[in-house]
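Single-structure report; data block below.
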Amino acid sequence: MSTTEQNPDKKRVHVKTWGCQMNVYDSQRMTGLLKPLGYETTEDATNADLVILNTCHIREKAAEKVYSELGRLKDVKARGGTIAVAGCVAQAEGAEMRERAPQVDFVIGPQSYHKLPEIIARTSRDTGDRLFTDFDVDEKFDALTEHHEPDGYCAFVTVQEGCDKFCTFCVVPYTRGAEVSRSTDQITAEIRSLVSQGVREVTLLGQNVNAWHGAAPAGSGQDDWGLGELCRHLAKIDGLDRIRFTTSHPRDMDDGLLAAFGEEPKLMPYLHLPVQAGSDKILKAMNRGHTAETYIRQIEAVRKARPDIAISGDMIVGFPGESDQDFEDTMALVREINYASCFSFKYSRRPGTPGAAMPKQVAEDIKSERLQRLQALLNEQRHAFDGAQVGKTLPVLLDKRGRLDGQLMGKSPYLQSVHVIAPENLLGQIIPVRIESAGPNSLKGVLA
Ligand code: SAH
Ligand code: SF4
Ligand code: F3S
């Protein structure tokens, strides 16, 4: 590393992140871990000594982006820099990647990030292994959370990682390993430290966040806690005003969580609960472990506990064997739920998953047509939900400057972006805003 040799104290790391919020969190933790080694972050890959691509393997297109990015990083190599590939593509395709992209210095899977300092020292001596894909999630949690410096008023905190559900379309159980929960004490300590640095809202992350479970603190008289109890416990932290969590699975919804929605005002009225499809035949083939009816009943129960709650989800169209009628069942379920927002994807055949080998794969043009129809309906629902806020006064956490002069941006309780003309000294505060209009992607309001 020539730049390093010229100036041993100052090294630059550039991290590019794809995929879910957990990757965003992991990227921040990796830069935190590298800081004591003298690495500053840079937005510019071309002047970096170390480039880390934190990748996503969820759909084919996401994975392909890594290889095109690697092609663009020739300059980094020419200057003697180091290129690392992290994340779920690293975990799934590490060995092949070293062949297909020899410019990659090392490949590191999501559960090995705590080894980064050691690997970097080794790589510069040019010896040893270049593929790190063990599952040491407990050690990762211990190492990665020590230096969590927030970059604003909202922060992600991983509380659970991995997945035991094995939906037949999905790579996550293979790339992130089995379900592991962080301890209540570790989570509490991290959030306390964030709050002391100005954070007011946390989003608890997990691939199956509501599978989180942990021991109740000694002396509480309780045994095992679920996510609802954890949220209530965290809500006691002074200075923490908002708690969110994502992503939940219908199989792990429990009464404790429902009750928390009804009773804990710091728990925001927003639930991301993916269902993926509306046909029981397809849900079964997906190995979801629930029916459309159980999902609908769960949403009813959540709405009973917290009537204004915004419901969000994920949908897949064109899973193998999906007939016109199965797709109509998805449309019917979406009409019944009436989502505040919902992501939707064309099924992507992922190597190594059971779905990839199933008969009756759906043609690409049929997937596209179904996706278009579904997205039209979901957009209608989102606009209706956003439009219904006009005229209301909502508490908005103002967390960023807007693009216009004098404008600030923030989040409503329902996770909508809100633009408002407001003085800078309101940054970091939760302020009542009267909503005046709803645009395609955000709301506009005035200080109430
Ligand atoms: N753990 C979360 C998120 C998983 S990935 C959950 O269980 O909901 C996020 C979303 O990507 C999934 O909910 C699903 O809708 C979508 N997805 C996953 N694998 C996919 C595939 N092979 N093709 C298309 N979409 C997929
Ligand atoms: Fe993937 Fe299903 Fe696990 Fe979600 S629950 S991460 S969709 S296998
Ligand atoms: Fe992608 Fe891995 Fe997240 S596959 S969605 S980065 S868990």
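The values are calculated or read from the model by the stated rules, or taken from the named source; none is laboratory data. All figures in this text were calculated on a predicted structure; none of them were measured in a lab. Cβ coordinates were reconstructed from backbone atoms using ideal geometry, including for glycine residues, and neighbour counts include every protein chain displayed. Please note that ligands, DNA and RNA were not included when accessible areas were found on the heavy atoms of the full protein model with its side chains. Shrake-Rupley method; radii C 1.70, N 1.55, O 1.52, S 1.80 Å.
Of all residues in segment 45-56, those satisfying the criterion of being at pLDDT 90 or above and either under 22 Å from the mean Cα position of the chain (by Cα) or not aliphatic (A, V, I, L, M) (or both) are 49, 51, 52, 53, 54, 55, 56.
Within the option set 188, 203, being more than 28 Å from residue 59 (Cα to Cα) and β-branched (Val, Ile, Thr) holds for one residue only, 188. Residues that are within 18 Å of the chain's Cα centre (by Cα) and open to solvent by 30 Å² or more (accessible area, probe 1.4 Å) within segment 153-176 comprise 153, 154, 156, 164, 174, listed in sequence order. Condition check: crowded, with 19+ Cβ neighbours inside 10 Å and not hydroxyl-bearing (Ser, Thr, Tyr). Does residue 268 satisfy that? Taking the combined requirement at face value, the residue satisfies it. Selection over segment 236-253 of residues that are away from ligand 2 (no atom under 16 Å from the Cβ) and either over 22 Å from the mean Cα position of the chain (by Cα) or among the acidic types (Asp, Glu) (or both) gives a count of 5. Taken as a whole, the structure places residue 418 among residues that are part of a strand (DSSP E or B) and surrounded by 20 or more Cβ atoms within 10 Å (Cβ to Cβ). From the list 382, 373, the one residue that fits, being in contact with a strand residue (DSSP E or B) (Cβ under 6 Å, 6 or more places away or on another chain), in the same structural domain as residue 271 (by TED's automatic domain parsing) and either of a type in the set (S, T, N, Q) or open to solvent by 30 Å² or more (accessible area, probe 1.4 Å) (or both), is 382. Set side by side, the residues 259, 292 differ, and just one is surrounded by 19 or more Cβ atoms within 10 Å (Cβ to Cβ) and either aromatic (Phe, Trp, Tyr) or touching a helix residue (DSSP H, G or I) at 6+ places or on another chain (Cβ under 9 Å) (or both), which is 292. Restricting attention to segment 10-28, which residues are closer than 18 Å to residue 83 by Cα and in a helix (DSSP H, G or I)? Within segment 10-28, 23, 26, 27, 28 meet the criteria. Filter segment 134-188 for residues that are of a type in the set (Gly, Ala, Ser), farther than 15 Å from residue 248 by Cα and touching a residue at least 40 places away in the same chain (Cβ under 8 Å) and give the result. The answer is 143, 152, 155, 177, 178. Just one of 121, 92, 84, 101 is modelled with pLDDT of 85 or more and open to solvent by 10 Å² or more (accessible area, probe 1.4 Å); which is it? That would be 92, the only listed residue that is modelled with pLDDT of 85 or more and open to solvent by 10 Å² or more (accessible area, probe 1.4 Å). Consider segment 343-362 and keep the residues that are open to solvent by 50 Å² or more (accessible area, probe 1.4 Å), farther than 15 Å from residue 166 by Cα and assigned to a loop (DSSP other than H, G, I, E, B). The one that is nearest to ligand 1 (Cβ to nearest atom) is 361. The conditions of being outside any loop (DSSP other than H, G, I, E, B), open to solvent by less than 30 Å² (accessible area, probe 1.4 Å), touching a Phe, Trp or Tyr at 6+ places or on another chain (Cβ under 8 Å) and under 26 Å from residue 351 (Cα atoms) are met by residue 62. Applying the selection to segment 296-323, what residues are outside any loop (DSSP other than H, G, I, E, B), under 16 Å from residue 414 (Cβ atoms) and open to solvent by 40 Å² or more (accessible area, probe 1.4 Å)? The answer is 303, and nothing else.
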